[in-house]
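Take a look at the structure set out below.
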Amino acid sequence: TALTEARKISGGDGDDPDLSEVGRLDAAAVANALAQIGSQGSWQRIAPISAIVTSPMHRARQTAQVIADRFGLSVSENENLREISFGTWDGLSHEEAENTDAELWNAWRGSWSVSPPEGESLEVFDARLQEARRQIVERHAGKTVVVVAHVMPIRGFLRWAFDAAAAAYWRPQVAPCSISIIRVWGDETAEVVTVNHTAHL
């Protein structure tokens, strides 16, 4: 989105911008890359995509629709995939947010329980995100599902898959329209196949 390109914070309760022209091109590129799943290359042994679940935010829904059109599938929304809420920091750069309250900013970074002003803590966010994961696995058991979400939800899925502590939320880079693949066995275990794949962009 324009906020992504301007390096501005874009959370779950902000302006909810549409994809930019670059975003639309990236969505088409990721749709083409996903076509390799179940058909060719290093992902050919994974079952073909049979479902698409998206965050309700505009940028995610628009990306999901491009993918759906490529595969001839419908899209379902899951409210729990919405990006974490950054509260009053939404729309600001990191520097601008820090300047509003440096003490709170520093307390929030890497914290499990501290939240931005009027926003969500990681603890609250992770609870709803893991509910989304359980819902997706329950409804699509045995299927390959494209989940179109945001930086923090993808990091949260990876944190769970690695059975890692809260600090893992801040470790992986997640680029716009990158592909991360996780194989999941209910709540029991997971296998991380790839993280932040961007060769198609």
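The values are calculated or read from the model by the stated rules, or taken from the named source; none is laboratory data. Computed from a predicted model, the values in this text were never measured in an experiment. Backbone-built Cβ (ideal geometry, glycine too); neighbour counts: all protein chains shown. Accessible surface areas use protein heavy atoms only, side chains included; no ligands, DNA or RNA. Shrake-Rupley method; radii C 1.70, N 1.55, O 1.52, S 1.80 Å.
Couple of notes before you dig in:
- Residues of segment 29-61 that are open to solvent by 40 Å² or more (accessible area, probe 1.4 Å), assigned to a helix (DSSP H, G or I) and either of a type in the set (G, A, S) or touching a strand residue (DSSP E or B) at 6+ places or on another chain (Cβ under 9 Å) (or both): G41, S42, R61.
- Within segment 97-140, tally of residues that are touching a residue at least 40 places away in the same chain (Cβ under 8 Å), hydrophobic (A, V, I, L, M, F, W, C) and part of a loop (DSSP other than H, G, I, E, B): 1
- Residue within segment 100-108 that is touching a His at 6+ places or on another chain (Cβ under 9 Å) and either open to solvent by less than 40 Å² (accessible area, probe 1.4 Å) or of a type in the set (F, W, Y) (or both) present: yes
- Some residue of segment 138-159 being within 26 Å of A27 (Cβ to Cβ), open to solvent by 30 Å² or more (accessible area, probe 1.4 Å), of a type in the set (D, E, K, R) and over 13 Å from the mean Cα position of the chain (by Cα): yes
- Residue match in segment 70-79 (condition: under 23 Å from R133 (Cα atoms), assigned to a loop (DSSP other than H, G, I, E, B) and open to solvent by less than 20 Å² (accessible area, probe 1.4 Å)): yes
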